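Take a look at the structure set out below.
The values are calculated or read from the model by the stated rules, or taken from the named source; none is laboratory data. Predicted model, so just to flag it, every value in this text is computed and none were measured. Cβ placement follows ideal geometry from the backbone for every residue including glycine, while neighbour counts extend to all protein chains displayed.
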Amino acid sequence: MSCCAPGADINAASGAPSANELLQAARSLGDGAAQVELSVPAIHCGACIQKLEQALSRLDGVVSARVNLSTRRISVRFRQSAPPPIVETLTGLGYPPHLFDEAEGKDRTLTELLRSVAVSGFASGNIMLLSVSVWSGADGATRDLFHWISALIAFPTLLYAGRTFYRSAWQALRAGRMNMDVPIVIGVTLAYAMSIYDTLHHGQHAYFDAGVTLLFFLLIGRTFDHLMRDRARSAVLGLARLAPRGAVVIAPDGNRDYRPVNEIETGDRLLIAAGERIPVDARVVGGASDLDCSLVNGESRPQSVGPDSMVRAGTLNLTGPLTLEATARAGDSFLAEMVRMMEAAEGGRTRYRRIADRVSAFYAPVVHLTALIAFIVWLVMGGDWHQALTIAIAVLIITCPCALGLAVPIVQVVAARRLFERGVMVRDGSAMERLTEIDTVVFDKTGTLTMGQPRLVNAQEIAPDLLAIAAALGGQSRHPLSQAIARRAVASEAGDDAPAIAFDAVKEVPGFGIEGWREGSLWRLGRPGWAAGGDTGQDQDGDAAGAGRPSAWSGAMLARDGRACARFAFEDTLRPDAAQAIHALQQAGKSVEILSGDTEGACRDIAGRLGVRQYAANLLPAEKVARITDLTQAGRKVLMVGDGLNDAPALSAAHVSMAPATAADVGRNIADLVFLRDSLEAAPFVIEVSEQAGTLIRQNIALALVYNIIAVPIAFLGLVTPLIAAVAMSGSSILVIANALRLLRAREEAPAAKPAGEPAVGHYPGHYPEGGAA
């Protein structure tokens, strides 16, 4: 039978995409053509390629079909007006296709832990019911029956729910070291083995309940810990997904072909429509548009580009189609460089060792040694190996690190709840430990210290009818300044009272503005030079409306038939409570700095208004990372607060990172903490709560150690059974939890309300203003 014979089970096509899903996944190539990429896992050899390409090429509407054997993908170009039955044809041939699924996988570890908690909880409850019957007086055959039923319940529970600990202990022993899971495994296993022995010999007591209950409590702590520790690679993956899967490439003969981004070579000509992201670093060879370059400089103000302008991968094309010439491959692009920076920075942060990890380094050996000494002493003194082993098991169980395992994660969970009540989400529990160490806070400017949105500031100077006309034009554009005018007009009383403005025709001129015909007049809203009748868009007075406002956005003009009617000035407003937050941090002894990709004047203005003495302007992402690295090498612990895509590598490089909910997806994913409200007082608040949490964590560890100091001698003297040891261990866990809950009752002190008010007087080396000095 040929390797290319149709698959035996054509019903596998049940997972194939529908015709509508196929059309939605297809990329438009222009001229009525589209291209779709499909995964066909059943492709095996060269004969498959010929068979599929011939079958698809015969379909009406298919322009071409190309199969890639190495990736088992098929690329089909077809006419959008007559979509052919591609899926049905491939399925009928025995090669069911699938759309690519780039969704992140599920957290298998968390799923395993939750199932283990459920199984151990169910088992411990049932075994405890049987134990109560024994304690109530069941004897003889009835007692033995209950013990055997308990053994049958406990055995699969230990295998399934305990596999997390068994796996960890085995890996540690294979590496020739000890960890906290080794005494857990030894204690649980010995307790079960001793219980089986006692059941076989009709013993009065068995301790199946002790082992299973112990697992239940330990798994609760392990699950809490995993929830707070887990930081999926969503940030790097999210950043990588900012690059499109591919782009439309214009061949030398004029034909258009959609290619995956990894197949785009230097010199290829690309067609990028409005609303698409640029896949590789490139040079504009045709067209004009506005780009959202926040990935590069963190600023949400669009950048106008035209022929010979250089553009970078990941930037968003806003207003008009562009023809580009690739200047770098995908692996050498700016976006790829950012991914590499983030991966390197994340690798550095993962080396941080937590308090519980440091304690466990000496905890396990001490526990083993104590249990071994108890066994030897009692064996020598009494000569009864059964009694000696029972006491050794009790020592292992009573010293089991359940309370120590809960000490850190339970405080982090309670602290996370308190922070959430104030609008802060914790993505990484270790951040609260790291926050107690910081001495420097670094802020991005736009979108972090400010709101990152233009606000019209001279609406009162503009006639209501002109404001309404500008709003009518601006509402039909995606440009941030146009949208700001539209929002301000709607919010004003004049905007509410004015009649609806209608234009006969509206046209957006990429890079310049928007124009419309009304009552025989041409109205233009956009760059002043262009609005006043110019064709090049070169503005000598583009910032006149913003004169005197160092933090102002570039102005816009409304003109009628080339005559200026109104000028609009914009500025970026400070985030609520920014000054109070900065002052509170400075009062707490933290050094505060601003790192921004914005201009020198805008940074100087914001720094002066907030009383921040140190700032740096015009920084690229790598320069922000370099500054944080310099601080780190100088022994400083940095909290980075940023929102832009360009801040992602710096957020990764910092000791702790924080981002607003309005941040780009990548910024939110990489940050340890995300604050949901506009107020910047979240920054000093998280430090305050983290310090309180740090105190409780140290108290919990102290409680766990004091508990062991008291409990171990009692168990060593043979005064407790393994069951009582398990109950005592559970009591220590409850004590630790109760102590953690004190964080919810902690009194919240209001931060200082007065800003420092000191002027900005300095820069970092290499970023002084012209003519300035350090």
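Restricting to the range 418-445, name every residue that is of a type in the set (S, T, N, Q), at pLDDT 80 or above and within 17 Å of Ala653 (Cα to Cα).
Keep residues of the range 418-445 that are of a type in the set (S, T, N, Q), which gives 430, 436, 440.
Now restrict to residues that are at pLDDT 80 or above: 436, 440.
Passing the criteria: only Thr440.
Name the single residue that is nearest to Gly511 (Cα to Cα) among those in the range 445-466 being touching a Gly at 6+ places or on another chain (Cβ under 7 Å) and not small (Gly, Ala, Ser). Step through it out loud before you land on a result.
The first filter runs over the range 445-466 and keeps only residues touching a Gly at 6+ places or on another chain (Cβ under 7 Å), leaving 446-448.
Cutting the leftovers down to not small (Gly, Ala, Ser) gives us 446, 448.
Values: Thr446: 22, Thr448: 27 Å.
Applying the filter and picking the extreme gives Thr446.
Any residue in the range 305-334 that's on the phi < 0 side of the Ramachandran plot and at pLDDT below 80: show its pairings with residues that are surrounded by 23 or more Cβ atoms within 10 Å (Cβ to Cβ) and among the aliphatic types (A, V, I, L, M) at Cβ separation under 6 Å, as long as the two are six or more apart or on different chains.
Ala330/Val280; Ser333/Val280; Ser333/Ala313; Phe334/Ala313
So if I check each of Leu466, Leu481, which one is touching a helix residue (DSSP H, G or I) at 6+ places or on another chain (Cβ under 9 Å) and in a helix (DSSP H, G or I)?
Numbers: Leu466 fails: touching a helix residue (DSSP H, G or I) at 6+ places or on another chain (Cβ under 9 Å).
Exactly one of Leu466, Leu481 is touching a helix residue (DSSP H, G or I) at 6+ places or on another chain (Cβ under 9 Å) and in a helix (DSSP H, G or I), namely Leu481.
May I ask you to verify whether Leu473 is modelled with pLDDT of 80 or more and either over 27 Å from Arg677 (Cβ atoms) or not in a helix (DSSP H, G or I) (or both)? Break it down stepwise before answering.
Details: modelled with pLDDT of 80 or more: yes; either over 27 Å from Arg677 (Cβ atoms) or not in a helix (DSSP H, G or I) (or both): yes.
Yes; evaluated as a whole, the condition is true for this residue.
With the condition being at pLDDT 80 or above, I'd like the helices (runs of 4 or more DSSP H) fully within the range 161-263 carrying at least 3 qualifying residues.
163-174, 181-200, 208-229
Given the residues Glu600, Glu623, which is the only one that is modelled with pLDDT under 90 and closer than 24 Å to Leu435 by Cα? Outline the logic, then answer.
Numbers: Glu600 fails: closer than 24 Å to Leu435 by Cα.
Answer to the selection: Glu623.
Listed residues Ile410, Ile376, Ile355; which is at pLDDT 75 or above and of a type in the set (A, V, I, L, M, F, W, C)? Write out each step before concluding.
Details: Ile410 fails: at pLDDT 75 or above; Ile355 fails: at pLDDT 75 or above.
Answer to the selection: Ile376.
Residues checked against (1) hydrophobic (A, V, I, L, M, F, W, C); (2) closer than 20 Å to Leu680 by Cβ; (3) in contact with a Ser or Thr (Cβ under 7 Å, 6 or more places away or on another chain):
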site	(1), (2), (3)
Ala559	yes, no, no
Ala569	yes, no, no
Ala588	yes, yes, no
Gly597	no, yes, no
Gly608	no, yes, no
Gln614	no, yes, no
Leu620	yes, no, no
Val625	yes, no, no
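Just a yes or no: is a residue in the range 704-714 crowded, with 23+ Cβ neighbours inside 10 Å and closer than 30 Å to Thr450 by Cα?
Taking every residue of the range 704-714 in turn, none turns out to be crowded, with 23+ Cβ neighbours inside 10 Å and closer than 30 Å to Thr450 by Cα.
Scan the range 625-650 for residues that are in contact with a strand residue (DSSP E or B) (Cβ under 7 Å, 6 or more places away or on another chain) and free of Cβ contacts under 8 Å to residues at least 60 places away in the same chain and report the count.
Residues in the range 625-650 being in contact with a strand residue (DSSP E or B) (Cβ under 7 Å, 6 or more places away or on another chain) and free of Cβ contacts under 8 Å to residues at least 60 places away in the same chain: 1 in total.
When Ala704 is evaluated against the numbered criteria (1) within 25 Å of Gly642 (Cβ to Cβ); (2) modelled with pLDDT under 80, which criterion, by number, is the only one it fails?
Result: Ala704 fails condition (1) only.
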